[in-house]
Amino acid sequence: MGTVLSEHQKTFRKLVQAHIKKSGQVVRVLAVAGPNGGWKTTLIRALIKKFPKIFTEVTQVSTRPPRCDDRARRFVSLLKFKNEKIILGWIAGIYEYWYALQDLMSAIYNNKILIFEGISRLEKLKKILQKKFIVSVIVWVLPPGRSVQNIVAVLEKRLSCRPTSQQSDIQKKLAEAQYRIIPEVLKKADLIIRSTSFKTDSDAEKVMNKIWCMM
């Protein structure tokens, strides 16, 4: 059974297919994945800063009130949110986080490599557009460590330094990293980055060199 698409998603697919037919350019996506505390955000910021003409992080539309640590989000009221032509997203509690038609198409028309944090949006995009229209690379970001236990210890230290972190939430994230995310990373990564605060630029260059060959 095929994927059931909304009217906005159908419009999005038609626009993308028309653009590909005219320009010959497929949609290029970089998914930056990994456990909480792995410094995915740091790598994403480094890529956009170092290669601004190549990468873009598509703006998310959110109904959540803005915070000082928010990145790449456009905040709207619940009333205005109803007028957004939403394509990809999810609901987290009472707040909604989505990618809008205009934001995605703007990035695609500019032939930028779209950066998504995590893999779920990439998988949804493939269902909407079909895999033949997308070239994607998944980069997994982990802290340095010779064993899973070493990596989890670094993650715990990083998460504990966050002022808004609750201990119960930290333990939940660490368990998810240890038993699901890290084993998954080690099995099927296109590229693994061992992140530290001292080599952000070199990590960005490593990612760029890898995906240049694949895209």
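The values are calculated or read from the model by the stated rules, or taken from the named source; none is laboratory data. As the structure is a prediction and not an experimental result, all values here were calculated from the model. When we count neighbours, we look across all protein chains shown, and the Cβ atoms used for this are built from the backbone with ideal geometry, even at glycine. Protein only, heavy atoms only, side chains kept; ligands, DNA and RNA dropped before computing areas. Shrake-Rupley method; radii C 1.70, N 1.55, O 1.52, S 1.80 Å.
Observations
- Annotation: VAL76 fulfils all but one of (1) at pLDDT below 95; (2) open to solvent by 40 Å² or more (accessible area, probe 1.4 Å); the unmet one is (2).
- Some residue of the stretch 11-31 being within 30 Å of SER160 (Cα to Cα) and either out of contact with any His (no Cβ under 9 Å at 6 or more places or on another chain) or without any contact (Cβ under 8 Å) to a residue 12 or more places away in the chain (or both): yes
- Residue in the stretch 179-196 that is surrounded by 12 or more Cβ atoms within 10 Å (Cβ to Cβ), of a type in the set (Gly, Ala, Ser), under 14 Å from GLY38 (Cα atoms) and at pLDDT 80 or above present: no
- For the stretch 99-140, a residue qualifies if it is outside any helix (DSSP H, G or I), within 19 Å of ALA18 (Cβ to Cβ) and polar (S, T, N, Q), and the qualifying residues are ASN110, ASN111, GLN130.
- Among residues of the stretch 136-154, those that are more than 21 Å from LEU101 (Cβ to Cβ) and either of a type in the set (S, T, N, Q) or within 19 Å of the chain's Cα centre (by Cα) (or both), counted: 10
- The stretch 104-123, subset open to solvent by 30 Å² or more (accessible area, probe 1.4 Å) and more than 12 Å from the chain's Cα centre (by Cα), residue nearest to LYS49 (Cα to Cα): LYS112
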